[in-house]
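*Asks:* Take a look at this one; I'll ask things after.
The values are calculated or read from the model by the stated rules, or taken from the named source; none is laboratory data. Values in this document were obtained by computation on a predicted structure and should not be read as measured data. Please note: Cβ atoms are built from the backbone with ideal geometry, for glycine as well, and neighbour counts cover all protein chains shown. The protein model used for the area step is the full one, side chains on, heavy atoms only, and it has no ligands, DNA or RNA in it. Shrake-Rupley method; radii C 1.70, N 1.55, O 1.52, S 1.80 Å.
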Amino acid sequence: MRCLIALLKPGAWLGGLLLLGLAGCVTRPPADAMLDPAFEDTRYDGFLVYAAFDDLGAEARFERESCKRLIATGHACTTLLAAAPPTRAQNARSRHEASRRSGAQAIIVIELADPDTASRRLLAGRVPGFEVTLIDNESQQVVLAAAVSADPHDATLAERAHTLADSIVALLEDHAFLR
């Protein structure tokens with residue numbers, strides 16, 4: 001959500017910033033997460049991001065933005081597009097092998113929540129959303145499964161990718177998965 005601060009007089013920006021923080025104006029889209037308790041003490045430092053979209057451009061944008069955000073927090077990250085280039089035939093096995101070769105400790109899978117399902121129409125007003133899954137690369141077990149609502153104010157693909165990347169890092173931080 002974007003908020004505007006009206007700077008009415010010199011020095012007002014500090015008070016305005018404080019009010020914005022207290023008012024919860026700087027927010028991220030809601031996310032509901034389910035965790036595997038067997039992994040509650042697990043921390044990760046290296047990630048592979050896979051945006052499982054049909055559109056190569058969208059896949060690249062979401063993978064790169066998520067890696068960029070993880071790298072900014074001091075973690076290693078690579079995209080599946082870099083680990084398994086789409087110039088070669090791909091299937092579940094080749095993607096799995098690429099994840100193993102990447103050296104990543106965990107895989108982040110991003111999928112679109114179908115806006116046309118009955119539950120999404122009724123409960124979320126057809127607002128798009130994402131399903132984010134964190135998979136332990138060694139055991140191949142799902143560690144975290146989350147549903148992240150899209151911010152309806154994000155008009156462009158770049159804004160959506162950026163907001164989701166922020167939400168993913170926040171989820172990992174909130175559940176203490178980052179080393």
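*Asks:* Amide H of Q105 versus every other amide H placed in the peptide plane: which residues, excluding those fewer than 5 positions away on the same chain, fall under 5 Å?
*Replies:* D45, G46, F47
*Asks:* What does the charge count around A98 come to, taking other residues whose C-beta lies under 13 Å from its C-beta (Lys +1, Arg +1, Asp -1, Glu -1)?
*Replies:* Within the 13 Å Cβ shell, the charges total +3.
*Asks:* With a 1.4 Å probe and all protein chains left in place, how much accessible area per residue does the range 39-85 have, in Å²?
*Replies:* Dividing the accessible area of the range 39-85 by its residue count gives 46 Å².
*Asks:* A further question on this structure: Taking amide H positions as placed in the peptide plane 1.01 Å from N, state which residues far from T79 in sequence (5 or more) or on other chains have amide H under 5 Å from it.
*Replies:* Amide H to amide H, under 5 Å and 5 or more residues apart or across chains, T79 pairs with V49.
*Asks:* With r defined as the distance between the Cβ atoms of E111 and S139 and R0 fixed at 22 Å, what FRET efficiency is calculated, to the nearest 0.05?
*Replies:* 0.60
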